[in-house]
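A short worksheet on the structure shown next.
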Amino acid sequence: MLDEVRHQRTYRLAASVLSIGHAMRTGSPVLNAIGPMMRAESAKRRLNVGLATADRTMMVYLESIRYSPRAALRNVVAGQQVPMELTSLGRAYLAGIAETERERLLKLFKRRNSAATKALLAEVRRSISAVERDGYCAVSWQPAVLAVATPIVLPGLPVYALNMSLQNVDRSAALANEMGAYLNAFAAKCKEVLAGG
């Protein structure tokens, strides 16, 4: 898994690590089932669609469909991690897990990051309440980016978070509501396919 870099007296990740990631993605029944649906939805709605799950206190993208890569403020790819407490994906995930695990993670956010202030944790709790009330939460943790996310919770599977996002937009409640309606309808289709498979 490591290549030695002798002149620097260190190691770097070897190509075999990439093979493991590729094997995970191509062998995933979840990605095989809803990956094509995500691509179609991205093209239909002209927005970005992502699927992620947790790795400790971070969210890891399993798939990231960018509608218009040239216009992207950032390049998001499978395998990329984003902070759980700052993102729509992370907050949707928190809404989908058991309360005891959620509270454990909220304590970890406080410990690992001095920026995890009371105000931030209150925002996280508001997002969780939004998921419980509306089925999704809307978060803008990057400038000019609006993202909505919802948890995918099905028996026998890890908890996933599905999101849709737009870049270079004026964020508004009306736009968040419109995207949230698209997301809820799409998530219901994904859950139906995954439950049947």
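The values are calculated or read from the model by the stated rules, or taken from the named source; none is laboratory data. Treat the numbers as computed from the prediction; the structure is a model and nothing was measured. A quick note on method: Cβ atoms are made from the backbone with ideal geometry, for glycine too, and the neighbour counts reach across all protein chains shown. We work out accessible area using only protein heavy atoms, side chains counted, and drop any ligands, DNA or RNA first. Shrake-Rupley method; radii C 1.70, N 1.55, O 1.52, S 1.80 Å.
Report the residue, chosen from Pro151, Pro36, Pro83, that carries the largest GNM mean-square fluctuation when the chain is represented by alpha-carbon nodes joined by springs under 10 Å. Fluctuation is largest for Pro36. Taking the square roots of five times each eigenvalue of the Cα gyration tensor of the chain, the equivalent ellipsoid has semi-axes of 27, 22, 18 Å, listed largest first.
Of Glu85, Glu99, Glu178, the residue with the largest accessible area leads and the full order is Glu99, Glu178, Glu85 (1.4 Å probe). For the pair Arg133 and Gln8, label points projected 7 Å from Cα toward Cβ lie 4.9 nm apart.
Values of log10 I(q)/I(0) for the stretch 1-60 across q = 0.12, 0.14, 0.21, 0.26 Å⁻¹ run -0.51, -0.63, -0.94, -1.07, by the Debye formula with one identical scatterer at each alpha carbon and no solvent.
Candidate cross-link partners of Lys118 among the lysines, defined by an alpha-carbon separation under 24 Å and a same-chain spacing of 8 or more, comprise Lys107, Lys110. For Lys189, the lysines whose Cα falls under 20 Å of its own Cα, not counting residues fewer than eight places away in the same chain, are Lys44. Along the charge dipole of the chain, Cβ charges K/R +1 and D/E -1, which of Ala78, Ala185, Ala92 sits furthest on the positive end? Of the candidates, Ala78 comes out farthest on the positive side.
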